Amino acid sequence: MEQDVGALAKRYSQLESERDTFLERGREAAKLTIPTLLPDEGHSSSTIYATPYQGIGARGVNNLASKLLLALLPPNSPFFRLTIDDFDLQAIAGDNRGQVEEGLARIERAAMQEIESKAIRVPVFEALKLLIVTGNALVYMPKEGGMKVFRPDRYCVKRDAMGNLLEIITKESVSAQMLPEEVRALIPPSEDSHKTGSPVKSYDLYTCLTRQENGFMTHQEVAGIEVPNSRGTFKDGNNPFIPLRFIRIDGEDYGRGFIEEYIGDLRSLEALTQAIVQGSAASAKVLFLVRPNGTTKSRDLSKAPNGAFLNGDANDVSTLQVQKSGDFRVSLETMRMINDRLAAAFLLNSSVQRPAERVTAEEVRFMAQELETALGGVYSILSQEFQLPLVRLLLARLESTGKMPKMPKDSIKPQIVTGLEALGRGQDLNKLAQFLSYLQPLGPEIISQNLNVEDYIDRLGASLGIDTGGLVKSAEQKAQEMQEAMMAQQQALAEQE
């Protein structure tokens, strides 16, 4: 069958028209926050970016991205837990549950070491900033090397009605010197810079990922020619391309950014800040006006040293004033109001402390937790579209390299324990502490008579994400210790007799 020359380039051009609206909105959001995240079309390394007049947009994006990074990929702690169904566990290990859980813990630590060795937190931070500003980012996790992040203007995506991935096409600029000789030999003479004698140029490399019945199929194209040996297949859990969205809109192939929801406040703040900065610069300019037909000469004033005596009339000299302080005051009050709203939206520390001389630490902690809870929807979509695919990809690679034993299909299920799950555990912890504080006035005797301490300890450990197995004494252990104590006491009494 004859190959369709430039098929991926044509398909990419078709999908670009559906992406343009999202790119325009993303570029507008980037201009008000961090312009380098999504520059205008046709930019180059020598392009000078316009700097916003206000800095709360960039500060808020970096702060929010940092909080999300620490929530999704916490340092020195796994963000997932491997669980096995009870029936599968019985078939695999029988009653040796502790050994299986220890083996799962080793797999978790191996996966975290894989994340640390690849240093993926830096590209993930870049992807989170793109998500906050533009609403979209594509993460590529190859078998070797670190993670790569594609901006929204470098890839196109197609989804079905349920939001499942159907097709991805990426576009990269590759230097001619980086292409293999077998690929260079297939490029037509009109496209090859070496054969035409012109300087070496770059080529557009297209990579396509298409959903098949049992996974995905991929291939590449450069200069209208399919790259040899570029075709391959991936299973659903081993797809290295992870398209991310910040806010999911039903029926749309692309996501919406966080900035888009607050772009009205950012526009207003930008316009007010620009007006005040420019007006303040004009007000700061000092100009002296001298009456044309007065006795005081402007030349004498400009040449006279400090403290000199001159012949003239003080009424002949005046200072030019803008006299807009009242208007500036209104603009400043409006700026402060908008700034406070944006600070709360971006979870900045200044937004959680009320203007007072004494603010308790508990009050600040409570208000900060209320703001963190507002990110529950963000945690939900990122846990499903980023954390779970990343865990499945890591587990598949650990299994392929032999670092993880092969288990029955779908027996091991990763469970995310950060983000929204952590928020839920934090709420349970606060309720347990509040419940116990309400019982304190009743006294320790009433509490000990009515409170099941063992169950309270188990719930407390679960809310903190701590496995209490082996840490807290079981009922059998306490009964055995009590029996041993009674036997020791009886033996001591027998010796005394």
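The values are calculated or read from the model by the stated rules, or taken from the named source; none is laboratory data. On a predicted model such as this, the values are computed, not experimentally measured, just so you know. Neighbour counts are summed over all protein chains in view; Cβ atoms, including those assigned to glycine, are modelled from backbone coordinates with ideal geometry. Remember, those area values only see protein heavy atoms, side chains included, never the ligands or the DNA or RNA. Shrake-Rupley method; radii C 1.70, N 1.55, O 1.52, S 1.80 Å.
So here's what we get for this one:
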{"item": "From phi via Karplus (6.51, -1.76, 1.60), per-residue ³J(HN,Hα) for segment 302-311 in Hz, x at Gly/Pro", "result": "6, 8, 6, x, 5, x, 6, 9, 10, 8"}
{"item": "Which listed pairs, of 171/403; 303/324; 10/118; 129/171, have C-alpha distances above 26 Å, in listed order", "result": "171/403; 303/324; 10/118"}
{"item": "Separation of alpha-carbon centers, segment 201-264 and segment 265-281, rounded to whole Å", "result": "40 Å"}
{"item": "Evaluated at q = 0.16, 0.20, 0.23 Å⁻¹: base-10 log I(q)/I(0), Debye formula over Cα of segment 8-69", "result": "-0.67, -0.88, -0.99"}
{"item": "Per residue accessible area of segment 247-315, 1.4 Å probe, in Å²", "result": "70 Å²"}
{"item": "Total charge dipole magnitude, segment 217-261, about the Cα centre, Cβ charges on Lys, Arg, Asp, Glu only, Debye to nearest 20", "result": "240 debye"}
{"item": "Carbon/sulfur fraction of accessible area - segment 254-324, other protein chains in place, 1.4 Å, %", "result": "52 percent"}
{"item": "Shape category assigned to segment 146-190 from the gyration tensor of Cα positions, a/c cut at 1.5", "result": "prolate"}
{"item": "Top positive-direction residue, dipole computed over segment 147-187 with Cβ charges, set 165, 180, 152", "result": "152"}
